[in-house]
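Just below is one structure, and these are the notes that go with it.
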Amino acid sequence: MAAILIIARLTIREAQRRRLLWVALFMGLAFLLVFGIAFHYIRLDIERQVTAGDDITFVSLLLLTAGLYAVNLLTNVVAVLVSVTTLSGEIESHTIDAIVTKPIPRWQVVMGKWLGFAGLVLAYLALLVGGLMLIVYLRSGFLMDNIGRGVAMMALAALLVLTVSIAGGTRLSTIANGVMTFMLFGLAFMGGLVEQVGALIRNTAAVNVGIVSSLIMPADSLWKKATVYFQPSDVSNPFELGPFAAITEPSSLMVAYAVVYLLVLLALALRSFSRRDL
Amino acid sequence: MSDLVIDTHSLRKEFGPKVAVADLTLDVRAGEVFGFLGPNGAGKTTSIKMLLSLTKPTAGRATLLGRPLGDLAARAKIGYLPEHFRFHEWLRADEFLNLHGELYGMDRAARGAAVPRLLKLVGLEDRAATKLGAFSKGMLQRIGLAQALLNDPALVFLDEPTSGLDPIGRRVVRDIITDLRQRGMAVFLNSHFLSEVEKTCDRVAFIRGGRVLQTSSLKEFEEEAMQVVVRVGQPTPELLTGLAQFGRNVALEPGDGRVRLTMSDEAQLPALAHWVVQNGHNLYELTPTHLSLEDRFLQVVGEESDE
């Protein structure tokens, strides 16, 4: 089992040595800066025009949700980009040969990489979410209820995308794996959109398309589940949250499905790498 | 049986309809340096990959150090220098060796002793803090060799260990191999440099078309395989028949009247000279030459290798 930790540490060290960590950190801070400036000025404008306390709070909620939406997208994309080349690249370059011939089971190499990247992606998510919350709190004193649960859904979505990318890397070339993972991500996104529209116009077929697509890739459903947590329970009309509203709430079963999906996919990745010819 | 470090029976690997290795049957004894020779595409790399469990055999069985292929306890006593020797280039040389030491399960103290010793062995002690990305091909190969020796293995696989090296580097590697043998390690050497194999190996296997054609001891065929050229004024059929009593493969060279034969015993040369002269031939030349491994290689492997 020691090998899992060795590989996880190696993965994090690689991110650090290849300046991935620093670029991600720097760009994350730039993102927060832009958000902070925008939030400040919009808030300034609203304060001049609106006097009702509830409405001002609502603007904070809307902007924070928009920020979290961007963070969700960024984290998912980063999860794919950092991990998409790790197995396929090392298999293609034969760097992996000297590693897997050591007295360690092969699955531990995959597990170690997964663990290392999971740590990086979760730290990145924590940094961005923490930064957003801090900016909003410092400027307006607004704290979102249930943000922990919502962020947990975002974390699960990011890990899901990471697992798809790692699993794909055990068999596919880097480029094919990248295309597959992004397309799955896009499919879930499109399916989610279709489902929303379907729910809006009460079109069962569209809703079903959305459900099937979220079964193929549950990442987008998890984001919707997160927005449900982000919305205050007393919002009577979810459309007030605009494009970030969850019109249909994914059930808890969908969350359980996503967890099982992740675990099964990870198990398949370990098995697939253990059995393949290098 | 127990002193065999590699023991394979009819290992076979197919990739779809293509047979990469048809029948790999060989044994390598403890403490010997074993050369693995064959033309490109003969199945050498696939064979090594099967032995190291990088690739799963389609059929056949094999043991390494008396344990089945892929056994982790056996792998702890095996070193491997891959042919491509591509490593994590963002690691420093000492970090690289430390990483691989950790993967071998060596504790901090063992690594602390082994890493400087091996850096020195391969002549990279001044480069401990240099990143592998800044290494030349030859330096990478040497650090790869150090990596393969970290765990003090009982069996080392070296896949083309000198392909990227200049003559000095090759000499260093050759000396290391000789040293390994003296310390009782078995070495499985895959190399295109036949002169190298000739200088370092105890036994060699010739492989072609995924099959082991012949396994022989170098000492053995150095003794047995002496080519003798006899040049007389007028070679006659009686001369050829007569020479057959001294050696094998008697053949008349077209053109200049040279006769070639293979002899096993140098001590027979004076008798041969005597016989030729006694039978009324004018002897112009009598030249014994030892068959080089390259000649031998071409003899065993070369005939149909243009397929």
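Considering only residues in the range A:101-119 that are aliphatic (A, V, I, L, M) and buried (at least 22 other Cβ atoms within 10 Å of the Cβ), the one that is nearest to the other protein chains (Cβ to nearest Cβ) turns out to be A:ILE104. Among the residues making up the range B:1-30, those that are over 17 Å from the mean Cα position of the chain (by Cα) and outside any strand (DSSP E or B) are B:MET1, B:SER2, B:ASP3, B:GLY16, B:PRO17.
One line per residue, one yes/no per condition, for (1) surrounded by 15 or more Cβ atoms within 10 Å (Cβ to Cβ); (2) in a helix (DSSP H, G or I):
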residue	(1), (2)
A:VAL121	yes, yes
A:TYR124	yes, yes
A:LEU127	yes, yes
A:GLY130	no, yes
A:MET133	yes, yes
A:LEU138	no, yes
A:PHE142	yes, no
A:GLY148	no, yes
A:LEU156	yes, yes
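Filter the range B:138-188 for residues that are surrounded by fewer than 20 Cβ atoms within 10 Å (Cβ to Cβ), basic (Lys, Arg) and either without any contact (Cβ under 8 Å) to a residue 12 or more places away in the chain or under 19 Å from B:HIS100 (Cβ atoms) (or both) and give the result. Of everything in the range B:138-188, those that are surrounded by fewer than 20 Cβ atoms within 10 Å (Cβ to Cβ), basic (Lys, Arg) and either without any contact (Cβ under 8 Å) to a residue 12 or more places away in the chain or under 19 Å from B:HIS100 (Cβ atoms) (or both) turn out to be B:ARG171, B:ARG183. Residue-level analysis places A:ALA52 among those that are farther than 30 Å from A:LEU120 by Cβ, small (Gly, Ala, Ser) and loosely packed, with under 13 Cβ neighbours inside 10 Å. Taking the stated definitions as given, is B:LEU261 in a strand (DSSP E or B) and within 30 Å of B:SER47 (Cβ to Cβ)? No, not satisfied. If the condition is being within 16 Å of the chain's Cα centre (by Cα), of a type in the set (A, V, I, L, M, F, W, C) and not in a strand (DSSP E or B), then the range B:149-199 contributes B:VAL173, B:ILE176, B:ILE177, B:LEU180, B:MET185, B:PHE193, B:LEU194, B:VAL197.
What number of residues within the range A:86-102 satisfy the criterion of being among the hydroxyl-bearing types (Ser, Thr, Tyr), over 15 Å from A:LEU10 (Cα atoms) and in contact with a helix residue (DSSP H, G or I) (Cβ under 8 Å, 6 or more places away or on another chain)? Before the answer, list the steps.
Step one: filter the range A:86-102 for residues among the hydroxyl-bearing types (Ser, Thr, Tyr), giving A:86, A:88, A:93, A:95, A:101.
Still in the list and also over 15 Å from A:LEU10 (Cα atoms): A:88, A:93, A:101.
With in contact with a helix residue (DSSP H, G or I) (Cβ under 8 Å, 6 or more places away or on another chain) added as a condition, the list becomes A:88, A:101.
Total satisfying the criteria: 2.
Scoring A:THR95 on the criteria (1) under 23 Å from A:ARG275 (Cα atoms); (2) of a type in the set (S, T, N, Q); (3) assigned to a helix (DSSP H, G or I) leaves a single failure, condition (3). Taking the range A:70-100, which residues are more than 14 Å from chain B (Cβ to nearest Cβ) and either among the basic types (Lys, Arg) or farther than 24 Å from A:ILE175 by Cβ (or both)? A:ALA70, A:VAL71, A:ASN72, listed by residue number.
Tell me whether the range B:3-16 contains one or more residues that are charged (D, E, K, R), surrounded by fewer than 14 Cβ atoms within 10 Å (Cβ to Cβ) and under 29 Å from B:GLY184 (Cα atoms).
Yes - at least one qualifying residue is present in the range B:3-16.
Residue check: is B:GLY35 buried (at least 19 other Cβ atoms within 10 Å of the Cβ) and within 14 Å of the chain's Cα centre (by Cα)? Here the answer is yes, as B:GLY35 does meet what is asked. Scoring B:LEU140 on the criteria (1) under 22 Å from A:ALA3 (Cβ atoms); (2) of a type outside the set (Gly, Ala, Ser); (3) within 14 Å of another protein chain (Cβ to nearest Cβ) leaves a single failure, condition (1).
State whether the residues of the range B:11-21 include one that is more than 14 Å from chain A (Cβ to nearest Cβ) and of a type in the set (Gly, Ala, Ser). The answer is no, given that none of the residues of the range B:11-21 is more than 14 Å from chain A (Cβ to nearest Cβ) and of a type in the set (Gly, Ala, Ser).
Just to verify a result, which residue in the range A:158-204, among those that are hydroxyl-bearing (Ser, Thr, Tyr), surrounded by fewer than 23 Cβ atoms within 10 Å (Cβ to Cβ) and assigned to a helix (DSSP H, G or I), is farthest from the chain's Cα centre (by Cα)? Before you say what the answer is, go through the steps one by one.
Filtering the range A:158-204 down to residues hydroxyl-bearing (Ser, Thr, Tyr) leaves A:163, A:165, A:170, A:173-174, A:181, A:204.
Narrowing the set further to residues that are surrounded by fewer than 23 Cβ atoms within 10 Å (Cβ to Cβ) leaves A:170, A:173-174, A:204.
Now restrict to residues that are assigned to a helix (DSSP H, G or I): A:174, A:204.
Values: A:THR174: 20, A:THR204: 28 Å.
Only one residue tops the list, namely A:THR204.
Counting only residues that are in a loop (DSSP other than H, G, I, E, B) and touching a residue at least 24 places away in the same chain (Cβ under 8 Å), the range B:266-286 holds 3 of them. Among the residues of the range B:50-87, those identified as touching a Ser or Thr at 6+ places or on another chain (Cβ under 9 Å), at the interface with chain A (Cβ under 7 Å from one of its Cβ atoms) and either surrounded by 20 or more Cβ atoms within 10 Å (Cβ to Cβ) or touching a residue at least 60 places away in the same chain (Cβ under 8 Å) (or both) are B:LEU52, B:LEU54, B:THR55, B:ARG75, B:TYR80, B:PRO82, B:PHE87. I need the full set of residues from the range B:88-116 which are part of a helix (DSSP H, G or I) and facing another protein chain (nearest Cβ under 9 Å), in order please. B:GLU95, B:LEU99, B:HIS100, B:GLU102, B:LEU103, listed by residue number. The number of residues in the range A:16-39 that are facing chain B (nearest Cβ under 10 Å) and either under 19 Å from the mean Cα position of the chain (by Cα) or crowded, with 17+ Cβ neighbours inside 10 Å (or both) comes to 1.
Please go through the range A:214-227 and give me each residue that is hydrophobic (A, V, I, L, M, F, W, C) and in contact (Cβ under 8 Å) with a residue 60 or more places away in the chain, ordered by number. Give the derivation first.
Residues of the range A:214-227 that are hydrophobic (A, V, I, L, M, F, W, C), as a first pass: A:215-217, A:219, A:222-223, A:226.
Of everything in the range A:214-227, those that are hydrophobic (A, V, I, L, M, F, W, C) and in contact (Cβ under 8 Å) with a residue 60 or more places away in the chain turn out to be A:ALA219, A:LEU222, A:TRP223, A:ALA226.
For the range B:124-137, the candidate set comprises residues that are in a loop (DSSP other than H, G, I, E, B) and not β-branched (Val, Ile, Thr); within that set, the residue that is surrounded by the fewest Cβ atoms within 10 Å (Cβ to Cβ) is B:ALA129. Just checking, does the range A:45-61 include any residue being over 18 Å from A:ALA158 (Cβ atoms), β-branched (Val, Ile, Thr), in contact (Cβ under 8 Å) with a residue 40 or more places away in the chain and within 14 Å of another protein chain (Cβ to nearest Cβ)? Checked the range A:45-61: no residue is over 18 Å from A:ALA158 (Cβ atoms), β-branched (Val, Ile, Thr), in contact (Cβ under 8 Å) with a residue 40 or more places away in the chain and within 14 Å of another protein chain (Cβ to nearest Cβ).
With respect to B:LYS44, determine if the residue is surrounded by 23 or more Cβ atoms within 10 Å (Cβ to Cβ), within 11 Å of chain A (Cβ to nearest Cβ) and under 23 Å from B:ARG211 (Cα atoms).
Values: surrounded by 23 or more Cβ atoms within 10 Å (Cβ to Cβ): yes; within 11 Å of chain A (Cβ to nearest Cβ): no; under 23 Å from B:ARG211 (Cα atoms): yes.
Answer is no for this residue.
Quick test of your reading of the structure: A:ALA3 fulfils all but one of (1) within 14 Å of chain B (Cβ to nearest Cβ); (2) in contact with a Lys or Arg (Cβ under 7 Å, 6 or more places away or on another chain). Name the failing condition by number. The number of the failed condition is (2).
Computed from the coordinates by the stated procedures, all read-outs in this text should not be read as laboratory data. Please read these numbers as outputs of a predicted model, since none were measured by experiment. In this analysis, Cβ positions are derived from the backbone assuming ideal geometry, glycine residues included, and neighbour counts consider all displayed protein chains.
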